[in-house]
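Working notes, structure below.
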Amino acid sequence: TGDTGATGVTGATGATGATGATGDTGATGVTGVTGATGATGATGATGATGATGATGATGATGATGVTGDTGATGATGATGVGSTLTSTQSSSSINLPITTEVSVLSLPITTTTGQSLKLDSMAEVEITTSASANYQYTINYQLYLDGASIAAVTVEKDTDSQTATSRLFGEIPNLTWIDTPAAGSHTYEIRITVTGTNLTSAVALTRALNALAF
């Protein structure tokens with residue numbers, strides 16, 4: 001056999017054959033590096049307010065604070081009216097005709113609404129009996145307001161004696177009384193009436209009438 005001749009010129013490429021069937025998917029590759037975080041988006045609209053929760057338990061009371069400074073003293077109030085004394089007195093002798101009422105003291109006074117009076121009075125009365133073995137006397141001692149009797153005391157004495165002789169007796173009737181007259185001007189009086197048997201005379205000596213208004 002002779003030598004192989006030179007390779008001839010390559011012929012034209014034939015038409016592409018049909019695509020073959022797809023092969024199996026290959027294994028997933030390694031995850032790539034995470035990209036940079038994007039810019040923060042705009043804040044969304046505020047949501048509706050939720051329902052109010054139940055009130056919590058009251059906390060323990062805190063410690064008492066330091067006492068503050070004492071405030072300034074207030075202005076002094078007006079002075080009250082107080083008590084007022086009105087009085088009359090005498091030591092001169094005044095006759096007391098038997099069975100006759102005699103005014104022995106008179107005290108004018110002016111009162112205000114709601115004012116009370118403490119009235120104190122006394123009178124020394126001397127009685128002379130006739131020369132008789134027995135005698136009796138009654139001293140009616142009365143407190144008057146504006147001509148009307150409001151209080152009275154009575155002193156009485158009687159004796160049967162073996163000796164018919166004149167006698168001198170001294171009595172001191174007295175009276176304390178609380179009165180609340182209407183507001184205005186008033187007159188208080190002490191009036192004395194002496195009655196009895198076998199009496200010759202009666203006189204009022206030292207006497208006084210005081211009114212304390214409060």
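Each value in this text was obtained by applying a stated rule to the coordinates, not by laboratory testing. Just so it is clear, the structure is predicted and the values come from calculations on it, not from any experiment. Heads up, the Cβs are rebuilt from the backbone with ideal geometry, glycines too, and the neighbour counts pull from every protein chain shown.
Here are the numbers for this structure:
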quantity: Signed unit charges on C-beta, dipole axis of region 62-214, positive-most listed residue 211, 135, 170; calculated: 211
quantity: Residues 191, 207, sorted so that the one with the fewest Cβ neighbours within 10 Å comes first; calculated: 191, 207
quantity: Candidates 82, 38, 53, ranked by Gaussian network fluctuation over the chain, Cα under 10 Å, top entry; calculated: 38
quantity: Residue-wise HN-Hα coupling along region 105-122, computed from phi with Karplus coefficients 6.51, -1.76, 1.60 (Hz; x: Gly, Pro); calculated: 8, 9, 10, x, 7, 10, 10, 10, 4, x, 7, 9, 10, 9, 9, 10, 8, 7
quantity: Normalised contact order of the chain, rounded percent, pairs of Cα under 8 Å and 6 or more residues apart; calculated: 31
quantity: Shape of region 1-138, Cα gyration tensor, a/c cut at 1.5; calculated: prolate
quantity: Computed magnitude of the charge dipole of the chain (debye, nearest 20; Cβ of K, R +1, Cβ of D, E -1); calculated: 160
quantity: Per-residue Cβ neighbour rank within 10 angstrom, fewest leading, 70, 112; calculated: 70, 112
quantity: Footprinting exposure proxy for 144, 188, 135 (fewest neighbouring C-beta atoms within 10 Å first); calculated: 144, 135, 188
